[in-house]
Amino acid sequence: MNSKIRVILLFFVLSYSYVQSQEYRYTETLFSSSLITENVVYHTALNLNAPYLIESNTTNEDLKMDIYVPEGDTNSLRPAIIFAHSGGFLTGDKNHDDMMAFCDSLSKKGYVTATINYRLGFYPITNANMHGTRAVYRGIQDGMAAVRYMRANASTYNIDSEKIYFVGSSAGSFIGLHSMYMDSDEIPSEVGSVSYTNTVPPFNHTAPDLGPLNIGEHLTFNGQPNALVSLWGAIQNPTIIGNNNDKPVFLIHGGDDSVVPFEIGPPFNYTALDDTYGSNEINSRLDELEITNKETYFVPDGEHEFYGTDNGTWSNGTSGNEYWDIVFEKITTFLWEQHKPTANFQYQQGDGNLTSEYTVDFFDQSSGATSWLWDFGDGNTSTEQNPSHTYEELGLYQVSLYVENDILSWDEITIEIYTALSITENEIIDFSY
């Protein structure tokens, strides 16, 4: 084999290696399927029995989640995303179409994902606000228990315990938002021991105290997620958001939502329930506090679940509408931005010597990176952190730096550099001959 053929083959091997090592994990689909472990018990709690009239009529219930992992993945450290379904705290389960689609698609990008059941049930006819508040609070307790479960079992599922995210739809978003923003001194009085009167026997009743935000197992672990995506959600009052509540949040909502208000109003427009404060009010409160660690996607004429579901079920029977892909891509990008490194570099050309003008020194300025892959724009690459490279010709080159961190999240940057003779060197060369 002659030297020219060897050079050509080496170039293709290096090019192939470079392409293969740029996985773009968490943004691109890398795995063909996900493995699902169904009905994992993450929490046991007292569940209100139907018809939900008597708050002390409860049964101990195992709450379950389905956990998705990318099939064939060998990465030992991955972020996790927990999904909580819609249903107004009256209906629904972890097998909603949108929750399963999110879990499967994001697992194939490299995440560990889970869709959860949480406690349902409240009596909406009399004492509706008290019953409704307690239903939301039980859901908050369950959502925080799910986060704690993931942290406690991080080694089992190869999860980075400091990168647990929560995505809630409608009622599930109420859970996520209050998990992020409600402190122990902001718990509504209705979740304590409350006496109330029914219109049917038994007329007089006392609701038991539901306890603190964190109940059940794994209480040494933090129940707050590290970031939140709120799909058409609301909170009891924006004043529960304080200067200390600066964890990343992505608010998605339609301006024409008649189920959960975009601004202020009772859920379902049911006046027996207190006003709630939707995404626009939450965003305004965050602006007021100058909290910038947030994103919004507001569709002025969007209705409830405007991406093509009705209480979590595909409206057309097969998939979401045109907004589904938009929302999915925005969520994908938002979550990736929570854990990616930041690529950056500087460079310096030559040292005043004519022959060294072909050599460029590159200096990594990235943050959070643990590995580096350089493409010098001439077919050559390097995995050194601060390489030097000698070009065969002076000219214009597109230099790219691709970096990864300990969970294989990535970032890249491309800078155009121009290698040329300096003024001093042009003076040295005698062009009179």
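Treating r as the C-beta distance of N204 and D287 and R0 as 41 Å, the FRET efficiency rounds to 0.35. The HN-Hα couplings worked out from phi for the stretch 54-65 by the Karplus form 6.51 cos²θ - 1.76 cosθ + 1.60 (θ = phi - 60°) are 10, 5, 8, 8, 10, 9, 5, 9, 7, 9, 10, 9 Hz, whole numbers, x standing for Gly and Pro. When the Gaussian network model of the chain links Cα atoms closer than 10 Å, the mean-square fluctuations of E295, E217, E384 top out at E384. The charge dipole of the stretch 109-165, taken about its Cα centre with unit charges on the Cβ atoms of Lys, Arg (+1), Asp and Glu (-1) only, comes to about 80 debye.
Give the angle, between 0 and 90 degrees and rounded to the nearest 10, that separates the Cα long axis of helix 322-339 from the longest principal axis of the Cα atoms of the chain. Helix 322-339 and the main axis of the chain meet at about 70 degrees.
For the chain, what is the percent of antiparallel DSSP beta bridges, rounded to the nearest 5? Intermediate results must be reported in sequence, preceding the final value.
Details: 52 of 78 bridges.
Expressed as a percentage, antiparallel bridges in the chain total about 65.
Projected label points at T318 and Q22, each 7 Å from Cα along the beta carbon direction, are separated by 3.5 nanometres.
Diagonalising the gyration tensor over the Cα atoms of the stretch 83-233 and scaling each eigenvalue by 5 before taking the square root yields semi-axes of 30, 18, 12 Å, largest first. Taking all Cα pairs closer than 8 Å and separated by 6 or more residues, the relative contact order of the stretch 27-144 comes to 30 percent.
Shown in residue order for the stretch 104-116 are the 3J(HN,Hα) couplings computed by the Karplus curve 6.51 cos²θ - 1.76 cosθ + 1.60 at θ = phi - 60°: 5, 5, 6, 4, 5, 8, x, 7, 8, 10, 8, 10, 10 Hz (x for Gly and Pro).
Between D93 and D301, the modelled label-to-label distance comes to 3.8 nm, taking each label 7 Å out from Cα in the direction of the beta carbon.
Annotation: amide H-H contacts under 5 Å for G87 (H modelled 1.01 Å from N, sequence separation of 5 or more, or interchain): A171, G172. Could you check how much of the accessible area of the chain is carbon and sulfur, as a whole percent, using a 1.4 Å probe? Within the chain, the accessible surface is 49 percent carbon and sulfur. In percent, rounded to a whole number, the relative contact order of the chain is 13, using alpha-carbon pairs under 8 Å and six or more apart. Our coupling estimate for the stretch 252-257, obtained by passing each phi through the Karplus curve with A = 6.51, B = -1.76, C = 1.60 and θ = phi - 60°, is 10, 7, x, x, 9, 5 Hz, Gly and Pro reported as x. Only helical runs count toward this figure. For the chain, summing -39,500 (n - 2.57) over DSSP H runs of n ≥ 4 and dividing by all residues gives -7500 deg cm²/dmol at 222 nm. With just the Cα atoms defining each centre, how far is the stretch 149-178 from the stretch 327-344? Give it in Å. Using only Cα atoms to place each centre, the spacing works out to 17 Å. Distances between placed amide hydrogens fall under 5 Å for F345 paired with Q365, all partners being 5 or more residues away or on another chain. A cut-off of 5 Å between modelled amide H atoms, ignoring neighbours fewer than 5 places along the same chain, links T276 with G265.
In the list [x] 0.96; [y] 1.09; [z] 1.12, the label attached to Rg/Rh (Cα atoms, Kirkwood Rh) as derived from the coordinates here is [z].
Residue separation of T37 and S388 scaled by 0.36 nm, minus their Cα-Cα distance, works out to 121.5 nm of gained length.
Residues with beta-carbon under 9 Å from that of T309, excluding T309: net charge, scoring Lys, Arg +1 and Asp, Glu -1? Here the charged neighbours net out to -4. Here r is the Cβ-Cβ distance between A152 and N60 and R0 is 22 Å; the resulting FRET efficiency, rounded to 0.05, is 0.60. Computed extension length for N49-D185: 46.1 nm, one decimal, from 0.36 nm per residue of separation with the Cα-Cα distance subtracted.
The values are calculated or read from the model by the stated rules, or taken from the named source; none is laboratory data. This one's a predicted model, so the numbers in the text were calculated from it and none came from an experiment. We place every Cβ from the backbone using ideal geometry, glycine too, and count neighbours over all the protein chains shown. What goes into the accessible areas is simple: the full protein's heavy atoms, side chains included, and nothing from ligands, DNA or RNA. Shrake-Rupley method; radii C 1.70, N 1.55, O 1.52, S 1.80 Å.
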